[in-house]
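Student: Before anything else, here's the structure in question.
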Amino acid sequence: EGFSSVNFFLSLYRFQACVYFACVFQAMSCGIHYLASVFMAVTPNFVCGIPGNVSSVLFYNSSESSIEDIWTLWTSTENYIVVQLENGEIWELNQCSRSKREVSLDLAYEYKGNKSVFSCSDGFLYDDTKWKSTVVTQWDLVCDREWLAKLIQPTFMLGVLIGAVIFGDIADRLGRQRVIWFTSAGQFVFGIAVAFTFDYYSFVIVRFLLAMVSSGYLVVAFVYVTEFVGIKARTWASMHVHAFFAVGIMIVALVGFLVRTWWVYQIFLSISTLPFVLCCWMLPETPFWLLSEERYEDAQKVINIMARWNKVSTPCKVSELCSVQQDDLVSGRTGDNDTSSTKKHNILDLFCNWHIARRTITVWLIWFTGSLGYYVFSLSSVSLGGNEYLNLFLIGAVELPCYIVACIGMDKLGRRNTLIPFLILSALICVLIMFIPQDFNILIILANMAGKFSIGVAFGLIYLYTAELYPTIVRSLAVGSGSMMCRAGSVVAPFCVYLRSVWIFMPLLLVGIMALLSGILTIMLPETLGKPLTNTLVEATEMGRNKKSCSGKTPPAHSGAALEKIEMFGQETVSTEK
């Protein structure tokens, strides 16, 4: 009891500490690439290009010699600029069209005469006050090509979804070490390659590949570190992976403030992965995976290295561990010779009866809502007014204490009793923001930080809570399906943010409704604090205080000694994905 963040760091032995901090350092690059587009794909103020040299510019009552001097006065997309060319022609420049005045006697802002409307065949003029170059200005992703700009983040998140599935499976087949090597190198290579793409389509394709390796790294690295750290430190270890992801978001804000050209900005962000790429080849494979592949000599070598680093005189013997597991498995089989012990489970087992089905629907909704809220608050932070770089930095920084609160709440109040109030609180904050006047920028930013904090607590603890709600035979299936709902939420989030153009509060309204519904449904979930993990669907159903069991027999639980040994090597790990 009383396990805290300080105790977590003290509980790590020297070897585990080196492995842990090396891996979570690279997790920062995942946070970097996930949110890089908030500045890379910014759409600045713009108007149609002009077919000649400008002699004078008029914007309402302000007359300037160049269009660059007008941008500080630009307040709305409905505005237009009047320019007079050296040949005497007068043009009205809108964002997606331009008009030539038929009568060019006097240069005036208002004009009632005839005009000829033309398309923007000469390109566009962009406000480069804040950003010298973005992917939008590079390839003119405005007007009828605006939808291409809006696909940048959703296609990245689609890559996140696919990458997690592919590399999670590869890590089980080929090992965690190889996947960490490949995905780390991939983040660096694809991150740099993004900066040198030659058109929009190559940019999206390379970013898609970058998303796949970033997602793959985050999933596999989480499993990797949890298979090395001790049981007591596992909850805090998982939370601190999220914390380093948040540090990556803060780095995006800092680099965005310092570098205003998108491809240079992308290079600087990608360089952050280089230190880990240079040293990740030294990381060993996890003993657990080696044991699962029956590579006992290799597992013993890793254990011996761990013992030397940690100055343990009598390291664990693999032969002893295997004998205990084998004895327990044999005794488990002799207790029940039914063929159902080898039954393969599928997604339908998560709906085997009404109580488990209701639990699954609620858990999926929480996963989806957590991811949706997380990215809606993060992506929309640059549109809150004030300094957009500071906004994003604060949205990232507020995550650091929220994970500490989540861990303390889980240990002291329980999983459900922490999840419910923070889901409902996030819904109330979404409603509160709608009533704050738009000129109260500081208050709006603080309220959004509070919303990100509350949804971050719920998002952080759902990983462990899901693992505890389901029995051993379908635990990985439950967490994996929840992760898929999480990634579905991350794909939907950018489109949700774009609904600001329909109504400025539409994203908050959707997140608030989902959070309130999730919070209410969570009341029906059982509390798992202090309860042993269940091994069968019957036990999982009874945990919900209902005696109705699932049809069919389930395999027996392993006996204590073997389960203890298996747990020591981190078998009961939970994959995570932002």
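The values are calculated or read from the model by the stated rules, or taken from the named source; none is laboratory data. Here the structure is a predicted model, which means the values were calculated and not measured. Using ideal geometry, Cβ is built from the backbone for each residue, glycine included, and neighbour counts are taken over all protein chains shown. The area values use the complete protein model at the heavy-atom level, side chains included, leaving out ligands, DNA and RNA. Shrake-Rupley method; radii C 1.70, N 1.55, O 1.52, S 1.80 Å.
Student: Using only the alpha-carbon atoms of the range 46-129, report the extent along each of the three principal axes, biggest first, to the nearest angstrom.
Tutor: 33, 27, 23
Student: What does the accessible area per residue of the range 46-129 come to in Å², with a 1.4 Å probe and no ligands, DNA or RNA counted?
Tutor: 54
Student: With every protein chain left in place, what is the accessible area per residue of the range 341-409 in square angstrom, probe 1.4 Å?
Tutor: 35
Student: Structure shown: which of 311/412; 130/452; 150/452; 317/412 lie over 29 Å apart, alpha-carbon to alpha-carbon?
Tutor: 311/412; 317/412
Student: While we're on this one: With every protein chain kept in place and ligands, DNA and RNA left out, what is the accessible area per residue of the range 255-307? Probe 1.4 Å, answer in Å².
Tutor: Averaged over the residues of the range 255-307, the accessible area is 48 Å².
Student: Just going by the charge dipole of the range 350-542, with Lys and Arg at +1 and Asp and Glu at -1 on Cβ, which of 465, 444, 382 is farthest out on the positive end?
Tutor: 465
Student: In a shell of Cβ-Cβ distance under 13 Å around residue 136, excluding residue 136 itself, what net charge do Lys and Arg (+1) and Asp and Glu (-1) give?
Tutor: Neighbourhood net charge equals 0.
Student: Here is a further query. In Å and on Cα atoms, what radius of gyration and Dmax does the range 350-542 show?
Tutor: Here Rg and the maximum Cα pair distance are 17.1, 56 Å.
Student: Still on this model: With +1 on each Lys and Arg Cβ and -1 on each Asp and Glu Cβ, how big is the dipole of the range 350-542 about its Cα centre, in debye rounded to the nearest 20?
Tutor: 240
Student: With the contact rule set at Cα under 8 Å and sequence spacing of 6 or more, what percent relative contact order holds for the range 350-542?
Tutor: About 38 percent, as a whole number.
Student: Let me ask something additional. Where the centroid of each part is defined by its Cα atoms, how far is the range 170-196 from the range 444-491 in Å?
Tutor: 25
Student: While we're here: For the range 440-511, with all protein chains present and a 1.4 Å probe, just round the carbon and sulfur fraction of the accessible area to a whole percent.
Tutor: C and S atoms contribute 81 percent here.
Student: Moving to a separate point now. Where the accessible area of the range 109-173 is counted over protein heavy atoms with a 1.4 Å probe, how much of it, in %, is carbon and sulfur?
Tutor: 53
Student: Where Lys and Arg each count +1 and Asp and Glu each count -1, what net charge lies around residue 49 among other residues with Cβ under 11 Å from its Cβ?
Tutor: Neighbour charge sum, excluding residue 49 itself: -1.
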